[in-house]
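All remarks here apply to the structure that follows.
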Amino acid sequence: MVEHLPPDGAAARAANGHAWQQSDYTATDSRDLLALLLTAFLNANRDPDKQPAMPWPEPGWRPGDPLPEDAEAQAEQDRAQARVAFDHITAQVLPSKG
């Protein structure tokens, strides 16, 4: 009975942790590829003296990726941790004042 459950049913969503189907992944991949192609086309056909190159687009969100607000919070935490490590190293290397 378990073998014949629908691939987009509640059991599949619970096992996968999301409700994305193959068509959702294909659509997201197609959108990402179209964005890359458009950026490459616009960068190749721009006037280098008048326009700067466009930055490459970020890929779209997929299940398993952190949410944008979670990614920003993690980046802020990483910056704070790096600053503490930098201050620790410079305190050991630089002569103390006093």
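Some observations on this one:
- Net dipole in debye of the chain [+1 Lys, Arg Cβ; -1 Asp, Glu Cβ; about Cα centre; nearest 20]: 340 debye
- Among the chymotrypsin sites (Phe, Trp or Tyr not before Pro) in the chain, those located in a DSSP loop and surrounded by at most 15 other Cβ atoms within 10 Å of their own Cβ are Trp61.
- The C-alpha atoms of the chain define a longest principal axis, and helix 22-44 lies at about 50 degrees to it.
- Taking the Cα centre of segment 15-69 as origin and assigning +1 to Lys and Arg Cβ atoms and -1 to Asp and Glu Cβ atoms, the resulting dipole is close to 140 debye.
- Portion, in percent, of the accessible area of the chain that falls on carbon or sulfur, probe 1.4 Å: 61 percent
- For the chain, the solvent-accessible area works out to 86 Å² per residue, with a probe of 1.4 Å and every protein chain left in place.
- Across the options Val2, Gly64, Phe41, the greatest Cα extent toward the positive end of the charge dipole of the chain (unit charges at beta carbon of Lys, Arg, Asp, Glu) belongs to Phe41.
- P(r) for the chain, from all Cα pairs and a bin width of 10 Å, is 12, 20, 21, 21, 16, 8, 2, 0 %, short bins first.
- Of the trypsin sites (Lys or Arg not before Pro) in segment 34-98, those whose Cβ has at most 14 other Cβ within 10 Å and which sit in DSSP loop: Arg46, Lys50, Lys97
- FRET efficiency for Gln81 and Trp61, using Cβ-Cβ distance with R0 set to 30 Å, rounded to 0.05: 0.75
The values are calculated or read from the model by the stated rules, or taken from the named source; none is laboratory data. Because the structure is predicted, anything quoted here is derived from the model rather than measured. Neighbour counts run over all protein chains shown; Cβ positions are idealised from the backbone, glycine included. Areas reflect the complete protein model, heavy atoms only, side chains present, ligands, DNA and RNA absent. Shrake-Rupley method; radii C 1.70, N 1.55, O 1.52, S 1.80 Å.
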